[in-house]
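Here's the structure, in structure tokens; my notes come after.
The values are calculated or read from the model by the stated rules, or taken from the named source; none is laboratory data. These figures come from a predicted structure and were not determined experimentally. Neighbour counts run over all protein chains shown; Cβ positions are idealised from the backbone, glycine included. Each accessible area value is taken on the protein alone, full model and side chains, heavy atoms only, with ligands, DNA and RNA left out. Shrake-Rupley method; radii C 1.70, N 1.55, O 1.52, S 1.80 Å.
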Amino acid sequence: IRYSYTRILMNRLNNLFQNKKEPLLSIYFTAGYPNLDSTLDIAEAVEKAGADFIEIGFPYSDPLADGPVIQNSSHIALQNGMNLKVLFQQLKDLRKRVSIPVLLMGYVNPVLQYGVANFCDSCAAVGVDGVIVPDLPMYEYENLYKDNFIKNNLSNIFLVTPQTSEERIRKIDELSNGFIYLLSSSSTTGKNLTVSNEADAYFSRIRDMKLKNPTMIGFGISDVKSFNKAAEYTRGAIVGSAFVKFLDTENAMKRIPEFVRSIRP
């Protein structure tokens, strides 16, 4: 089956994947956690520490795919007063302080409440390069919202699990214009990347499909071993729960370079 190609985008994310050959490291954190106004400070510190791109999570009251660490960070961020309106307000100065690619990640409900067209316009206005909305149905993206994303030069990132069929992966590859996010397992976030024959077979299967989009592994990356494991099969890895957990430790802001070195020395 052939699907029509999505227009090639050239945002910071596409440039990064085209130009950097070493394994890429992305760091995820929740906007408004640990403090309402810590979003830009963390983003700037993560870039200075050497991450290649950033994913900023916008919190939601019912984060089903997240493990307890990110669920807790979402809960605290909401209590702190974080929502999409506040986040876009905070991100007005994003590009004065951060030059690496930035993606927003969260659930579809807040995006629908904000309005998809408004959301895409707001992303473009503050310099966001891509969006990850795991529960946005592919059919709806393709038929209702794709033009809003493309008009704003926004990559929409789809997720693939070990259970995703080859046909669906091929379709995702045709619709994608950034990278494809491989979940290391079907569990919630925060579980460790299992170095098993099963995981090897899954990662090998995806690699052997020779997709046109690069792939990144997320869920369970927490140290050098799991990062290097991911980089054997894909362009790199996304660290989420381990970093969110780290933000709750003493003097975390000053020690962000130390955290990044613990993943990629």
(request) Would you check which residues across the stretch 95-123 are surrounded by fewer than 17 Cβ atoms within 10 Å (Cβ to Cβ) and either on the phi > 0 side of the Ramachandran plot or among the small types (Gly, Ala, Ser) (or both) and list them? (result) Ser99, Gly115, Ala117
(message) Which of the numbered conditions does Gly67 fail, given that it passes all the others? Conditions: (1) in contact with a Gly (Cβ under 7 Å, 6 or more places away or on another chain); (2) buried (at least 20 other Cβ atoms within 10 Å of the Cβ).
(response) (2)
(request) Among residues belonging to the stretch 5-64 that are farther than 21 Å from Val86 by Cα and among the charged types (D, E, K, R), point out the one that is least open to solvent (accessible area, probe 1.4 Å). (result) Asp52
(message) I'd like to check something: does the stretch 127-135 contain any residue that is open to solvent by 10 Å² or more (accessible area, probe 1.4 Å) and more than 29 Å from Glu22 (Cβ to Cβ)?
(response) yes
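For every residue, the table says whether it meets (1) under 25 Å from Arg205 (Cβ atoms); (2) part of a helix (DSSP H, G or I).
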residue	(1), (2)
Val86	no, yes
Gln89	no, yes
Leu94	no, yes
Ile100	no, no
Val111	no, yes
Ser122	no, yes
Ile150	no, yes
Pro162	yes, no
(request) Can you work out which of the residues in the stretch 1-46 that are hydroxyl-bearing (Ser, Thr, Tyr) and modelled with pLDDT of 95 or more is farthest from the chain's Cα centre (by Cα)? (result) Ser38
(message) Cβ-Cβ distance below 7 Å, separation of 6 or more or different chains: which pairs start in the stretch 42-61 with a residue that is more than 16 Å from Arg95 (Cβ to Cβ) and among the aromatic types (Phe, Trp, Tyr) and end on one that is in a loop (DSSP other than H, G, I, E, B) and open to solvent by less than 10 Å² (accessible area, probe 1.4 Å)?
(response) Phe58/Ala31; Phe58/Gly106; Tyr60/Gly106
